[in-house]
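Take a look at the structure below.
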Amino acid sequence: MAMLQLTTGGETQRQIQEAMQFKVDGERWGRVGEKGMAPALHQLYKELMGPWNKDEISTADAIFVQRDLKLVQGFMPHFFRLFRTTVKQVDFSETERARFIVNDWVKRHTKGMISDLLGEGAVDQLTRLVLVNALYFNGQWKMPFLESSTHHRLFHKSDGSTVSVPMMAQTSKFNYTEFTTPDGHYYDILELPYHGNTLSMFIAAPYEKEVPLSALTSILDAQLISQWRGNMTRLTRLLVLPKFSLESEVDLRRPLENLGMTDMFRPNQADFSRLSDQEFLYVSQALQKVKIEVNESGTVASSSTALTVSARMAPEEIIMDRPFLFVVRHNPTGTVLFMGQVMEP
């Protein structure tokens, strides 16, 4: 959205700034209404990608535009100074070749994990602009699981059925807490740190198997995750966690429109005059694909709610044999890199 914002003007740009609550101005990034335009988001980006994290994080994002489209003079060098990347020009009239170029670029920037971002029919001869984003993360557990401790156990699915899956196990000291939802449901939260100590995976599940995971997801926000970490106690526990691999593909058009970013998708209203003043442009696709793998050694991936700490006896064993939520978080900044739910490993 930061890159796209730099290409837009007028109402289209205002909608993006209002929905995302940040704006790009000249050489700096900052939050909307922030005095002096402090480069808050640019600094956040540097913090996430810094080598001191030890765990590997890289992002792949680009704007692909029609090759014969004449760009506004000076746009390319200005864009490169700000984002250290360039606008990629392709010929969308050669649909399969254009699709290959985009997919190959994403594949290289996610080390092969995401190899087919654009499926067949995702672009056509009318395509003029495509925004793509991919994020790669490779984190090793601070306390790896022993492969010899992995055994098959029953996982209880939300429909009441069970399936046998390989589950990892280790006894160690974990940061643990529990909360109750406004409906009175208990849920357990446990933190699994990665070896760089700046990133963690938080795992949360309702204590009772019959409580749907939606009891958690319906109240989840960044403030809640911060409360989890702020109320944790280090306890010795046996953790049993399934190995899992998830892949999701999302068309972001409807979510972005629901946030108020409507004009950029409409040919007769989109304003991309800062990118090109030769042709009327609009966003035809906004796609995101995520793949995450969790095993014994670690992870490879590409409103206010009243909460109270419960007085229930903390369990000696934490067995994630039911649907659970996971959040990969950069703790120094509170940034959530990945979030998902495992309904069946």
Of all accessible heavy-atom area on the chain, the percent that carbon and sulfur account for (1.4 Å): 49
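Percent antiparallel among DSSP beta bridges with both residues in the chain, to the nearest 5?
Values: 74 of 84 bridges.
Around 90 percent antiparallel, to the nearest 5.
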Which net charge results for the neighbourhood of THR333, defined as the other residues with beta-carbon distances under 12 angstrom from its beta-carbon, given Lys and Arg at +1 and Asp and Glu at -1? +1
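Using the structure shown, select from LYS107/LYS291; LYS70/LYS289; LYS111/LYS291; LYS142/LYS173; LYS111/LYS289; LYS46/LYS107 the pairs with a Cα to Cα distance greater than 18 angstrom.
Values: LYS107/LYS291 12 Å; LYS70/LYS289 30 Å; LYS111/LYS291 12 Å; LYS142/LYS173 12 Å; LYS111/LYS289 14 Å; LYS46/LYS107 23 Å.
Result: LYS70/LYS289; LYS46/LYS107 exceed 18 Å.
Rolling a 1.4 angstrom probe over the protein heavy atoms, how many square angstrom per residue are accessible across the chain?
On the way: 16600 Å² over 345 residues.
Here the per-residue accessible area is 48 Å².
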Which label marks the calculated value of Cα Rg over 2.2 N^0.38 Å, given the options (i) 1.10; (ii) 1.16; (iii) 1.00? (i)
For a quick check of your reading of the filter: which GluC sites (Glu not before Pro) in the stretch 204-265 sit in a DSSP loop and have no more than 12 other Cβ atoms within 10 Å? GLU208, GLU210
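Count charges around LEU154 for me, please; just the other residues with Cβ under 13 Å from its Cβ, Lys/Arg as +1, Asp/Glu as -1. Each step should come with its number before you reach the end.
Details: positive: ARG153, LYS157, LYS209, ARG322; negative: ASP321, GLU344.
Summing Lys and Arg as +1 and Asp and Glu as -1 gives +2.
Where does the chain land at 222 nm, in deg cm²/dmol rounded to the nearest 500, when only DSSP H runs of n ≥ 4 count, each adding -39500 (n - 2.57), divided by all residues?
-5500 deg cm²/dmol
Restricting to Cα pairs below 8 Å that are 6+ residues apart, what does the relative contact order work out to for the stretch 73-183? Please round to a whole percent. Mind dumping the intermediate values first?
Numbers: 85 pairs, mean separation 17.3, N = 111.
RCO, the stretch 73-183: 16 percent.
The values are calculated or read from the model by the stated rules, or taken from the named source; none is laboratory data. The structure displayed is predicted, hence computed values, not measured ones. Every residue, glycine among them, receives a Cβ derived from its backbone with ideal geometry; neighbour counts consider all protein chains shown. To get the accessible areas, we keep the full protein, side chains included, count just its heavy atoms, and leave off ligands, DNA and RNA. Shrake-Rupley method; radii C 1.70, N 1.55, O 1.52, S 1.80 Å.
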